[in-house]
Each structure stands twice: as structure tokens, then as C-alpha cells.
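Here's the structure we're looking at; comments come further down.
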Amino acid sequence: MPPQELSSFDFTRLRNVMVDRQIASRGVRSKPVLDAMRAVPREAFLPEDLWEFAYEDSPLPIEQDQTISQPYIVAMMIEALALEGGEKVLEIGTGSGYAAAILAQIAGSVYTVERIGQLAEKSAAKFAELGFKNIHVLHADGTRGWSDHAPYDAIVVTAGGREVPESLKAQLKIGGRLVIPVGIDQRDQELIRMIRVSEHQYKREDLADVRFVPLVGEEGWPEERTTAARKYPAAVKTGDGTLAKVIATSCEKFQAIDSADLNPLLERIGSARVVLLGEASHGTSQFYRMRARISRELIERKGFSFIAIEGDWPDAARIDHYVRHAEYMPSEWTAFARFPRWMWRNRDVRTFVDWLRVHNAKLEPARRVAFHGLDLYSLYNSIDLVLKYLDDRDPKAATIARHRYACLTPWQTDPATYGQAALSGGFQTCEREVVSMLADLMHKQRAYAEHDGERFLDAVQNARLVANAERYYRIMYYGSRASWNLRDTHMFETFKSLLDFHGLKSRGIIWAHNSHVGDAAATEMSARGEFNIGQLCREEFGSNAYSIGFGTNNGTVAAASDWDGPMEIKVVRPAVQGSYERLCHEAGISRFLLRLRSPIAADLAKGLSRPQLERAIGVIYRPESELQSHYFQAELPRQFDEYIWFDESEAVTPLQTAELQGLPDTYPFGV
């Protein structure tokens, strides 16, 4: 935009609008931080050709392939320093100088270190031009800090390190706060706050998932190993042409779910004790119906003992009571009546549940197939209680919570989404009451479980469950991805307990999302230290665990836009170039099964083993940010033993009240 047109911009008004709409409304409450954000002209730290974008809440490019951070992230990080005014602050990574200028509005003095000479020189000149006398700039390796002026009341690092540099920890005053993004994957980091509690002790708090440029230096990443921003790979070629053609000649086609020949699949499953059936979304009818079809075959022809779903134990217990014709009255508990209702409370699940009840009617009680939930801690019900509590106690904290819970997925890599999950003081003050409330909920749910049929937990497991409850609920409350590992570990231990309860010859089927049942070691989850049920099953059962993933190119899906939001029927966008879904679509076959477990054709194995993107849609689907929000990198043959493809798919149909009226009280999906 020409300079004469820029002169008509009311930057002060735009700056105030940004602070109100993008920062204050998303949970930043510190008045000093908000005042500083209103006072500092962001456009002054940008090239003139980017001034018109100065008050959009997004990072923008500057010199030397660096970026000026998203304003919300700047505000969130500075708020996490808990500055009151007059402190001595160290900033690592001066960059454009914008964050240092914000800090200087609050702190007594700011010492900022920049490793790139051109940026250090330019920012120092800018500070002088704007009249900042309390900012001091050093051109040096930021990972070593600035020991001449240590110790510091607060340290903030604006680049992502593998770990917290020891030099920075040593330069932090006792009682001081250090905020830094850390992670072993350069593209994704966890924003943490470290508080120095004594000479050798530090308290760590996980704040949010973010994405920063790498922290380069002696105690950071070596410069030659830094990577660029995510790019998706080009189409894969093999010696015989495109990989899509190899897929087309290797797959097993089928016309319809009910008529699909599953004999080859059942032979490949063989004597496996555990079969994991995935889904690429929590709201696609074809995935549910094919899982049901495979499960029926496994039950009727291979004698599988139970199904365990990615769902709450008490809700699944109501279904188990119904399908196994229990002779006692069930608890007054309507199955899956809270968000996300459609995930298990839909016509496809109802059809399978009704079939399982009929199947079990022909069997002796001891041989009836059970239906269990793996989530003993009832994640969704627990979150529902948290939101209701916060809505009443602190509505702004409830808004923060909803943003955090929308991020409870391992593939979510959009820093703006995570940024909305800032930890405000108000949010933290509710922690103790919420954890206590959730512990009470767990005790009630244990009572429900003990009432609803045979309890598989022995006394030792019960004690472990109670002992771990507080840690689990505290992590879940904050919505950190640390809850992923803890939750999958507990679900895996629940599954093993079910196998023990049903006997040495028992065999189990797991219904869960691809991100749970595929081996996490074959995906970018592993680089962040995350694992899942699929990985744990492979480590425990080896070839006796058989994992099946699902995928689709386009169609519709049932999902929400925000946590606790209404279900919507959304259009699924065609798969992006460089993804496994795009390869399957280009194979030109509408529906197929693809064997991935060795032995398979050499050209297929070689082509598919090159990492590609893979799509994952959970209870939240945001097509507008799909590449960042719903794709992750994987190696398909290491992730799954089999892959089932539906080129076009459609959303599940949730159960309506009218469909359920007049059914007996024992029906689990009652009104």
C-alpha cells in the first residue's frame, strides 16, 4: 500500500481494537500488560510495506528470515512473567524489538540479547528513535544470557529450545520467573514457566503449546540443524510410476460395507488377541459401520470376548447392562448424554448395540460379549462439570477453558489456537476446587460401576486409580497435552485389566480414533514425547495386536467448531497434496482395504514408508485452518497393519428424542 494511503490509517484505534478483541477477550487480564500493548506502536517495528497488517493477530516476517511474534502470544508470555513494575528483565531474542518495547513499559530495565547483528543494530536504533532509555541491547549468543547484569527478576525467551539453557537458569533470581518454549521438535514446543524456588530447585509449569523459531546457540540448537516451517511433501514416485497406481493394484476393492469380502482381512488378523479399529473422525458414518461389520465377524467367527471403546466407563456400563441382559436394574444414568453426544449416541452405534443384544440372547450369561468404556476418569463428563462450575464461578475463566479443551488432540499444531489457552490468575485459582469436585465425581462413578455388573478392578487397581486421580484431574483441568499420555496410559491399563478379567483366552476389540490406535512411534507425536494405546499394545502384544486405520478424501462430518459447541454437519475438504489421503484418492478407487503388514509388495512398502501428512478430525473440525489444525506427519506402514479407505463419506446421524420415546427403562440411550 502506498505511504500516502497508509497515512489515513488510525493506528491508535486499530491498536485498541486489537487489544480489546484479540488479547483482553482471550484471557489476558494484567492491566500493566494491556496498557503496554495499547501504548507501543507495532507498526514502528515492521517494514513499511507491512504496516497495514500491523494489528492483525498474526506473526509477520522481518529481516533475516525471522518473525515478529503474534501480539496475543507476546501478551500471554509477558503476563506469565507476573511483572508488577520496576523489575529487571532479560529477554533472549530481540528480533524486531517489539516485545522488548512492551516489556520496557512495565519493567524498570530490560536487557535484551540478539544473536543476529543486523537485527541487534536495527532494534537498538529503533529504541533510541522511540525514546526508550531503559532498554539495553547486546549482540551475542542468547543461550548464554547476559551474566554482567544478573540476577534477573524475570527472563523471557522468544525462540524454541530443546531444553532450558543452564546459563539462563543460573541468572534467574530466587523467586524469579523464566518463560520459554521448549521441545525436541523444532516445529512445535510447549511454553513453560520456571520459578526458581531455591539455589538448586525450580518449579515447572506447562502453559500452552506454541510454535517459535529455533533457539540457536551454544546451549540451544546448532545453526546448521534448524529447519524451516512445515512444508508438505511432493507427490511420491516409485520405480513403476506414481505410488497411487501401486495402491490401486495392491488394494482389495469392495462396493458396499455389508457385502465386502472380509475373509482375507480375517486371515491376516489370524490369532491376534487384540484388534484395534480406528477412525479418521469422530463423526463419519462409514467408519462406524465398517467397525461394526468387522466386529460382528470377529465376534461370530473368532470368538472375541468384549469391545472396549474410547468412552467413559459409566456410560458404556449402561450399554453393557443392556446388551448382556443384566437381571438387576441399571443405574439412573443415560449413556453419552453430554458433549460430544453424537460420538457414541448415533444411529450407527445404536444399530450395532441392538445387534449385540440379539446375539447375546442366544448365549449363556458367562459367554455373552461385553461392551466396556476405557476411560475410567470420564474425560468428557469431567470437562462438562468443569465448564458448568466455571460458568457460575468465573465466566471469563470458562471461556479460557473452552479454548484449552478444544486443543486436547495430539495433531493440533496451530499456535493461535493454543495461544487462546493462556493461564490467567483467575483460572488457576479455581484449580483446587475443581480437582476436589472431580475426585468426588470419580468416587460416585466407581459406585455406578460397581452397581452396573461385574467389576473388573481388584483392590490394588482401585487404590491406584484413586491415587492417580488428583494428578490426572489437575493436568486435565489445564488442558495440557501432558494429559494425552496420562489418559492413554490409563486406558491401556484398563484394557489389560479387562483381558485379565475375561480370562486367559479372552480377546478384545478397541474402538478409538486413529490417533489412539495407530502406533504413535510412527508419527510426529513421538517427537514430542507422546505415545498412545496403539504403541503400548504393540510393545505389550507384538504381532498379537492388529491395528486398522481409516481414511476419507471428502464428504461431510459431524463435528463442533468449539468445545461444548453445537454439533454441525460440516463439509470435509478434499485432501491436501502430500498426504496419504491424496494418494488414496488419486488411486481412483472409491472403497478399499490395503494390507500394510509385511509381507507386502516392495514398491508399495518403499513408497508408503516415506513420511507423508495424514488428516485427523476429532470432535472439533476447523476447515479454515485445516493444514495447521488437522494434519500431522506419519509413516503409514509403521502406524497401522491395515488401512480402510472411503473416498467419499457422510456424517453420522445423532439419535433424536422421538426415536427413543416408548422404549423400556433398560434402554441405554433413553430420553
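General observations
- Pairs, first on the phi < 0 side of the Ramachandran plot in region 122-143, second acidic (D, E) and open to solvent by 70 Å² or more (accessible area, probe 1.4 Å), C-beta under 7 Å, six or more apart: D141/E218; T143/E218
- For region 175-220, a residue qualifies if it is crowded, with 20+ Cβ neighbours inside 10 Å, in a strand (DSSP E or B), at pLDDT below 90 and of a type in the set (D, E, K, R), and the qualifying residues are D188, E190, D209.
- Tabulated pairs, region 358-370, first within 21 Å of I309 (Cβ to Cβ) and in a helix (DSSP H, G or I), second open to solvent by 100 Å² or more (accessible area, probe 1.4 Å) and of a type outside the set (V, I, T), C-beta under 8 angstrom, 6+ apart or interchain: H359/E300
- Against the test of being within 25 Å of D562 (Cα to Cα) and in contact with a Phe, Trp or Tyr (Cβ under 8 Å, 6 or more places away or on another chain), the options S590, S649, S625, S579 yield a single qualifying residue, S649.
- From F336, F306, residue being in contact with a helix residue (DSSP H, G or I) (Cβ under 7 Å, 6 or more places away or on another chain), in contact (Cβ under 8 Å) with a residue 24 or more places away in the chain, hydrophobic (A, V, I, L, M, F, W, C) and open to solvent by 10 Å² or more (accessible area, probe 1.4 Å): F336
- Any chance Q66 is open to solvent by 30 Å² or more (accessible area, probe 1.4 Å) and touching a helix residue (DSSP H, G or I) at 6+ places or on another chain (Cβ under 9 Å): yes
- Note on region 246-281: residues that are open to solvent by 10 Å² or more (accessible area, probe 1.4 Å), assigned to a loop (DSSP other than H, G, I, E, B) and of a type in the set (S, T, Y) total 2.
- Conditions (1) of a type in the set (K, R); (2) open to solvent by less than 10 Å² (accessible area, probe 1.4 Å); (3) over 28 Å from the mean Cα position of the chain (by Cα); number of the one not met by R291: (3)
- If you go through region 498-514 and keep only what is touching an Asp or Glu at 6+ places or on another chain (Cβ under 9 Å) and open to solvent by less than 10 Å² (accessible area, probe 1.4 Å), you end up with S506, I510, W511, A512, H513, N514.
- Qualifying helices (runs of 4 or more DSSP H) (wholly inside region 527-623; at least 1 residues being of a type in the set (G, A, S)): 533-541, 602-608
- Of all residues in region 600-614 being open to solvent by less than 10 Å² (accessible area, probe 1.4 Å) and under 16 Å from E581 (Cβ atoms), the one that is farthest from the chain's Cα centre (by Cα): G607
- S285 fulfils the conditions (1) over 22 Å from P637 (Cβ atoms); (2) at pLDDT below 95; (3) of a type in the set (G, A, S); (4) touching a helix residue (DSSP H, G or I) at 6+ places or on another chain (Cβ under 6 Å) except for a single criterion, (2).
- Scanning region 515-544 for residues that are surrounded by fewer than 24 Cβ atoms within 10 Å (Cβ to Cβ) and among the small types (G, A, S) yields A521, A522, S526, A527, G529, G542, S543.
- For region 79-99, the criterion of being under 28 Å from the mean Cα position of the chain (by Cα) and at pLDDT below 85 is met by none of the residues.
The values are calculated or read from the model by the stated rules, or taken from the named source; none is laboratory data. On a predicted model such as this, the values are computed, not experimentally measured, just so you know. We place every Cβ from the backbone using ideal geometry, glycine too, and count neighbours over all the protein chains shown. Only protein heavy atoms, including side chains, enter the accessible area calculation; ligands, DNA and RNA are left aside. Shrake-Rupley method; radii C 1.70, N 1.55, O 1.52, S 1.80 Å.
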